């Protein structure tokens, strides 16, 4: 379950190596075990330079790397997980857990406690999930609250010290590096017994609990008889509990309005101590019936010090918040487009922002545009072949708005214009981005009275404003292209 | 050298990290390890710098101290530094403990004879048990941190030497119950417990009350660590594998061990103690604990896995990758004993949910999807080790897991695999359904092909399309309803974008004939129906080299003729020639000979012309099988990137002569028919069929004129052949012939073998005198006899006779040369010795054991040879 080595690599296209190893750490005691366990199939951990090159090649992140190379592009070189075999100096190092996020490649090599030939299934290697946890932990640490390169560098500089505490010998002790950082700075003379390892020290001060619920909706609308539209709400409940005592107990109940759509696919934070089996089994992958559990959803837990996501859920609300219609018609050199949007009456008409992006892929720059909008304004990005319809804070009283226009495109130059493999010919989409304040689509809420706290003092309980960020995509196709349709039900 | 400054160290460490091997090979490398150890005690360096030095030793001990004595010395030095620290708070104690542990464990110095090990272990145990170790160990504020650190170090030592701390089980239990940090102690206890159980089980011993012993680390005569349990070398490490419990048969006889009731109870109590406190551990540490306890209890009698059950609901509710993975490990370890069918269904649904939950990151989705397809089922139907859709996971549950074009390549392939497995299973059920998974699969593949057909589209898209197609072919090879549209679709894709030829070639190499054959046919038709001169000629030629065969040769040649006019550069010419080569290999054809001859004259590049000529010659001179071998892929060089080099190597193998052991025997046979000169009759016997055999002879010295080679088209074992080898001696003397054989094996390889030297005896040169017109007779002999002198020489030799007597001797050896005789009493023998000598023998008045021979020759040099010959005759009988 240990790691042999871990790397953070920034992907820097345009530089000679296309990347820089920002951090790396090797674990020689684990390496020694690997040598014994892997026997004749043992491949040593390469130095940073060769590793960087092999990884970037594998992940297809090298500049100008367009030729067919069998070791990567061969049809039998199928990768179905973020775990790779990297050819380094005529040998292959496996398993390398690696993924790219925000321009940083996170990579590690877990110890496999057996021979590597035949390749054991990943599920049998305990170090794989531990490796993922380490990399996710690093990612959370680097990007929580980080705004710019300087802050990233500060955090990268803290890593050697932090890993000395959270992963001294390659076996991960805590994936929450912020917690480790707090622990390094917190030295108590008399640590109480039974102090959870995920909580360094205890809170001292005025007790308070705050809970917020954020929902996002994702919808795909096709306006086609044979393809069903899709929409799904994803919610997250975030808590911050400032309570005294080593292990205060808290129970939060989430409730739904009458006839509200039940919460499904609930995933909880590890600090939740027990879970009703109805919560565990409520899932969107089973067919719905009326007997579905609809709350209240009780979550007893002992909170960590920091703010944390108590649970995630999804829900299938009866209608999408905005219904859309998109039409595109090619007339010689011109393209006629029509977009209609209708806000559902049950939805609060109070947006922080709302805008529709209308991209035109695989075409030249926009040279000419004639349009009419019933509401809002249209911004034109000629070079990017993009229209943005800024709808603003409110839909008009009719709740319905529309745009129509004729677009003419110039000659296509490959480098500049956006490429998309799906939006070919008559296939295209409009993407709607919006945020509604103080509103949840499911109507899910945690009222103050439902929060039970077993800790000294009477805490102040707040449920700050809720917000909802959403994306909604309207797809059309004239049949010449393939719409990324959902699978048959 | 005095201590280095902070900046110098920073530079040095930077240079080292950039490439440790290069740095250590350089001038600065040698002293790095010792400088580092000494500067750790320098008062000029800040603690921060020293920590960075220690971090380096944690990562690269093998480079700094490459052997066990050096590692031992380094560990001792690190421990000295630790002891010498002033009793104020310091950030160095923890890294020093880690560094000493690393140096010993990684450097192979850990052992009963190591002094540093003997110092480190009691120190760690003392720290772990929270005892006051005196003023050297800093302020109380550091005690908790050091206690945890000591546990970590002990855990690492135990990992590297399983069983080492078996004697501490009781102590650790006590510590966990009363004091001490929960997580480090729990993990250490669980690891020691697991290892001790394994080691004891292998030794056939019981826990021997280790669980209840409360030995103290002060050492009451015996130390709590046990090198005998830890075993020699790394023996125990090897035995732990494999790590996946289900992969192992019968738990290696652990079950056979009958524990005492007391031991069973104690063991259960320890496990319960660990599990009860597991909530206090971080999620990743909880997962480690579950893996360890699962390993420890698997197959052990009297240990119901129900102990784990109270934890499961809590664990199943989380989205934590490590925790769900640990639950799966328990599932694999205990199967039905812990998970009923309903439990299994629930676990599968949680996995299916986690594999698509929008709140989780894509790498986690992919791992969960892998877990679904490798799920340790209670009653698996298929063979173990192969990915399959679990029985309890119906199409309904997989609805959200199906692929879409919007997915990234990894997700698309993972989900496509699931779709293929479901399609393969549900063939019967879905007949007649309009929106069947099969149809969806077809549309998806169509979409992928359309995406990769885009001109200028990225390579990744094409790769994805072909990988997806390959996955489908692999899973659904027996389903023509899937393969037929796939074949047509791919053929259309080539039509749209010939630049994908490398993908097609690779794809055709991998797939079986059920798809490969029809696809090849379609692609060939597509290529040859084109004009030769379009911009994609390079790709067409590459494609054609893969798909040509005996069929439609005339159309292929028509295309090639048209293409040849456009092959204006070297690489295109080579591509064209590769197609010719493939055609040759497929069996040639009449038109090809002409075409190659045309190319040999027409191509611009001399290399191309040479190649064409070579192919022409090969086609004209080699029969089918040999041609196939000459051009076929070589086993010697299976994977070379350059086809040119590969081709060169193939030829080299097929056409270059290989040295071999002689597979044939050559001997001098009986004297045969007469000729104008001496002829050696050779008998040739082969041990294996040989083709185109050529025997080359070389005479030692200048005694004979050079000999011509002998050719044998085919030599079959068991059927010896007689050969005539005409000799042209320059002097009448015996010699030895050096013989080499050149032949082709049935495998088509041309070989060369050196045969044992072949003796040419004096008698092999004997020729009879041509018959004079008046016939031979005493007169003729007397004439010859008289003519030898005076230039010649005369001698008398005693020729011993065997039991057969003179008559038999003459008839056996001299019969052809007898010119006058009065058998059995006297014989006159006249022998011609090429090039121009004669030897005359007169044998008469034979006695019981020999015959006196009078001999005359016109060449005195022949006399000793003749004497030896005669004296040796009886022995030769």
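The values are calculated or read from the model by the stated rules, or taken from the named source; none is laboratory data. Bear in mind the structure is a predicted one, so any value in this text is a computation, not a measurement. Because the Cβ atoms are built from the backbone with ideal geometry, glycine has one as well, and the counts that use them run over all protein chains shown.
Laid out as a table, the results:
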read-out: Residue under evaluation residue B:349, criteria (1) touching a residue at least 24 places away in the same chain (Cβ under 8 Å); (2) facing chain A (nearest Cβ under 8 Å); (3) assigned to a loop (DSSP other than H, G, I, E, B), criterion not met; value: (3)
read-out: Residues satisfying the stated conditions in region A:339-361, i.e. farther than 16 Å from residue A:398 by Cα and either surrounded by fewer than 15 Cβ atoms within 10 Å (Cβ to Cβ) or free of Cβ contacts under 8 Å to residues at least 24 places away in the same chain (or both); value: A:352, A:353
read-out: Enumeration of residues in region A:120-133 that are more than 8 Å from chain B (Cβ to nearest Cβ) and closer than 13 Å to residue B:364 by Cβ; value: A:131
read-out: Condition broken by residue B:739, with the remaining ones in (1) modelled with pLDDT under 85; (2) closer than 27 Å to residue B:676 by Cβ; (3) surrounded by 15 or more Cβ atoms within 10 Å (Cβ to Cβ) satisfied; value: (1)
read-out: Selection within region B:764-785 - outside any loop (DSSP other than H, G, I, E, B) and in contact with a strand residue (DSSP E or B) (Cβ under 9 Å, 6 or more places away or on another chain); value: B:764, B:765, B:767, B:768, B:778, B:779, B:780, B:781, B:782, B:784, B:785
read-out: Among (1) exposed (fewer than 13 other Cβ atoms within 10 Å of the Cβ); (2) assigned to a loop (DSSP other than H, G, I, E, B), the one test that residue B:796 misses; value: (2)
read-out: Selection from region A:309-326 of residues that are outside any loop (DSSP other than H, G, I, E, B) and within 12 Å of chain B (Cβ to nearest Cβ); value: A:309, A:310, A:311, A:312, A:313, A:314, A:315
read-out: Residue in region A:108-123 that is touching a helix residue (DSSP H, G or I) at 6+ places or on another chain (Cβ under 7 Å), in a strand (DSSP E or B) and under 22 Å from residue A:12 (Cα atoms) present; value: yes
read-out: Residues of region A:392-418 satisfying the condition of being surrounded by 15 or more Cβ atoms within 10 Å (Cβ to Cβ) and within 12 Å of another protein chain (Cβ to nearest Cβ); value: A:417
read-out: Failed item in (1) under 25 Å from residue A:175 (Cβ atoms); (2) touching a strand residue (DSSP E or B) at 6+ places or on another chain (Cβ under 8 Å), with residue A:29 passing the rest; value: (2)
read-out: Residue within region B:30-41 that is more than 14 Å from chain A (Cβ to nearest Cβ) and within 25 Å of residue B:144 (Cα to Cα) present; value: yes
read-out: Matching residues, region A:75-106, being more than 24 Å from residue A:156 (Cβ to Cβ) and at the interface with chain B (Cβ under 9 Å from one of its Cβ atoms); value: A:75, A:76, A:77, A:78, A:79, A:80, A:81, A:83
read-out: Positions within region B:272-300 being surrounded by fewer than 21 Cβ atoms within 10 Å (Cβ to Cβ), closer than 18 Å to residue B:169 by Cβ, touching a residue at least 40 places away in the same chain (Cβ under 8 Å) and more than 11 Å from chain A (Cβ to nearest Cβ), in sequence order; value: B:273, B:300
read-out: Failed condition for residue A:109, given (1) within 12 Å of chain B (Cβ to nearest Cβ); (2) touching a residue at least 60 places away in the same chain (Cβ under 8 Å); (3) in contact with a strand residue (DSSP E or B) (Cβ under 8 Å, 6 or more places away or on another chain); value: (1)
read-out: Residue B:152 being in contact with a helix residue (DSSP H, G or I) (Cβ under 9 Å, 6 or more places away or on another chain) and at pLDDT below 90; value: no
read-out: Test: residue B:52 is farther than 21 Å from residue A:5 by Cβ and either in contact (Cβ under 8 Å) with a residue 40 or more places away in the chain or not in a loop (DSSP other than H, G, I, E, B) (or both); value: no
read-out: Odd one out for residue B:365 among (1) over 29 Å from residue A:215 (Cβ atoms); (2) buried (at least 21 other Cβ atoms within 10 Å of the Cβ); value: (1)
read-out: Complete set of residues in region B:389-425 that are assigned to a loop (DSSP other than H, G, I, E, B), within 12 Å of chain A (Cβ to nearest Cβ), surrounded by fewer than 21 Cβ atoms within 10 Å (Cβ to Cβ) and touching a helix residue (DSSP H, G or I) at 6+ places or on another chain (Cβ under 7 Å); value: B:405, B:407, B:408
read-out: Region B:678-716, residues that are in contact (Cβ under 8 Å) with a residue 24 or more places away in the chain, under 16 Å from residue B:835 (Cβ atoms) and loosely packed, with under 13 Cβ neighbours inside 10 Å; value: B:701, B:702
read-out: All positions within region A:257-281 that are in contact (Cβ under 8 Å) with a residue 60 or more places away in the chain and either surrounded by fewer than 18 Cβ atoms within 10 Å (Cβ to Cβ) or away from chain B (no Cβ under 12 Å) (or both); value: A:257, A:260, A:261, A:263
read-out: Members of region B:487-520 that are under 34 Å from the mean Cα position of the chain (by Cα), part of a helix (DSSP H, G or I), in contact (Cβ under 8 Å) with a residue 12 or more places away in the chain and away from chain A (no Cβ under 12 Å); value: B:487, B:514, B:518, B:519, B:520
read-out: Residue that is surrounded by the fewest Cβ atoms within 10 Å (Cβ to Cβ), among those in region B:301-340 that are within 8 Å of chain A (Cβ to nearest Cβ) and without any contact (Cβ under 8 Å) to a residue 12 or more places away in the chain; value: B:313
read-out: Residue within region A:234-250 that is within 11 Å of another protein chain (Cβ to nearest Cβ) and over 22 Å from residue A:438 (Cα atoms) present; value: yes
read-out: Residue among B:124, B:164, B:96 that alone is part of a helix (DSSP H, G or I) and either at pLDDT below 90 or closer than 16 Å to residue B:225 by Cα (or both); value: B:124
read-out: Listing of strands (runs of 3 or more DSSP E) fully contained in region A:171-270 that carry 2 or more residues being modelled with pLDDT of 90 or more, in contact with a helix residue (DSSP H, G or I) (Cβ under 6 Å, 6 or more places away or on another chain) and at negative phi; value: A:263-268
read-out: Qualifying position, being modelled with pLDDT under 95 and either within 29 Å of the chain's Cα centre (by Cα) or within 11 Å of another protein chain (Cβ to nearest Cβ) (or both), among A:71, A:117; value: A:71
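Residue-wise test of (1) within 10 Å of chain B (Cβ to nearest Cβ); (2) surrounded by 20 or more Cβ atoms within 10 Å (Cβ to Cβ).
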{"site": "A:3", "(1), (2)": "no, yes"}
{"site": "A:10", "(1), (2)": "no, no"}
{"site": "A:19", "(1), (2)": "no, yes"}
{"site": "A:28", "(1), (2)": "yes, yes"}
{"site": "A:57", "(1), (2)": "no, no"}
